[in-house]
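Okay, so here's the structure we're looking at.
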């Protein structure tokens, strides 16, 4: 029987014990858990109760079930802290800062996965409103950002089709899309505004991120403009909720090693 940390149904007590073994390193990150029959024998319980415990741990994000392979302890998620600073939007990872969001994550890559020209869907009309252009005049670039080979975020970028050089949208190379767009259209991009919200993953985003439909996503979206204030790029990034935290820093003086005059248009 388990030495549980809480009372309650047996399956929750079993889940508590397995979680405790994960927390103490008896089941290290990335390791395979004992099979259901082995756990049932250990607990002196039937497999149905053990299966309920495993399902509870999966819902809690402690383990992942790979069908036909086994059940594994989840590795720590790659979580980035994104500063919300009116003077410099930066990404901090493990205490380091970079003006190019997510590209300082280990093994980070961003690649275009879909290109749509002249669409009139609701997201395209929303972007068009902020860019002060008809939806039919825009190209949307949907990209996938991966870190260490695993999906980290999906992004959509809208820009006037007439500004993009031939072949730009078809590129499949890894690149910071905002920087690449700025170079391609020959406009120095600066932040106009950003907003933050939370949504449930739709089917397309869930498929690209490898998560369940309805999973929580953090959304960061807004306009990058030319130095004269003309809106030039609309960006909408969706990040699986556990992969990022947004931090508001209220002091106005620069932190150590930070450029007090720097303005970044990284995403």
(Q) Here's a check for you: in segment 234-260, which residue that is touching a helix residue (DSSP H, G or I) at 6+ places or on another chain (Cβ under 6 Å) and modelled with pLDDT of 90 or more is nearest to residue 159 (Cα to Cα)? (A) 234
Q) Looking at 143, 139, which one is free of Cβ contacts under 8 Å to residues at least 40 places away in the same chain, surrounded by 19 or more Cβ atoms within 10 Å (Cβ to Cβ) and within 19 Å of residue 217 (Cα to Cα)? A) 143
Q. Restricting the search to segment 65-84, which residues are surrounded by 15 or more Cβ atoms within 10 Å (Cβ to Cβ) and at pLDDT 90 or above?
A. 71, 72, 73
Q: Residue by residue through segment 127-154, note down the ones that are out of contact with any strand residue (DSSP E or B) (no Cβ under 8 Å at 6 or more places or on another chain) and in a helix (DSSP H, G or I).
A: 129, 135, 136
Q. Within segment 203-223, is even one residue touching a residue at least 12 places away in the same chain (Cβ under 8 Å), crowded, with 19+ Cβ neighbours inside 10 Å, in contact with a helix residue (DSSP H, G or I) (Cβ under 8 Å, 6 or more places away or on another chain) and over 18 Å from residue 142 (Cα atoms)?
A. no
(Q) I'd like the full set of residues that are surrounded by fewer than 18 Cβ atoms within 10 Å (Cβ to Cβ) and either touching a residue at least 12 places away in the same chain (Cβ under 8 Å) or not in a helix (DSSP H, G or I) (or both), limited to segment 110-125. (A) 111, 113, 114, 115, 116, 117, 118, 119, 120, 121, 123
Q: Test each condition in (1) modelled with pLDDT under 90; (2) over 21 Å from the mean Cα position of the chain (by Cα); (3) loosely packed, with under 15 Cβ neighbours inside 10 Å for residue 48 and report the one that comes out false.
A: (1)
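Each row is one residue, and each column tells you yes or no for (1) assigned to a strand (DSSP E or B); (2) at pLDDT below 90; (3) within 17 Å of the chain's Cα centre (by Cα).
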| site | (1), (2), (3) |
| --- | --- |
| 156 | yes, no, yes |
| 159 | yes, no, no |
| 169 | no, yes, no |
| 182 | no, no, no |
| 197 | yes, yes, yes |
| 265 | no, yes, no |
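The values are calculated or read from the model by the stated rules, or taken from the named source; none is laboratory data. Quick caveat: nothing in here was measured; it's all calculated off a predicted structure. Here the Cβ is made from the backbone with ideal geometry for all residues, glycine too, and neighbour counts use every protein chain on show.
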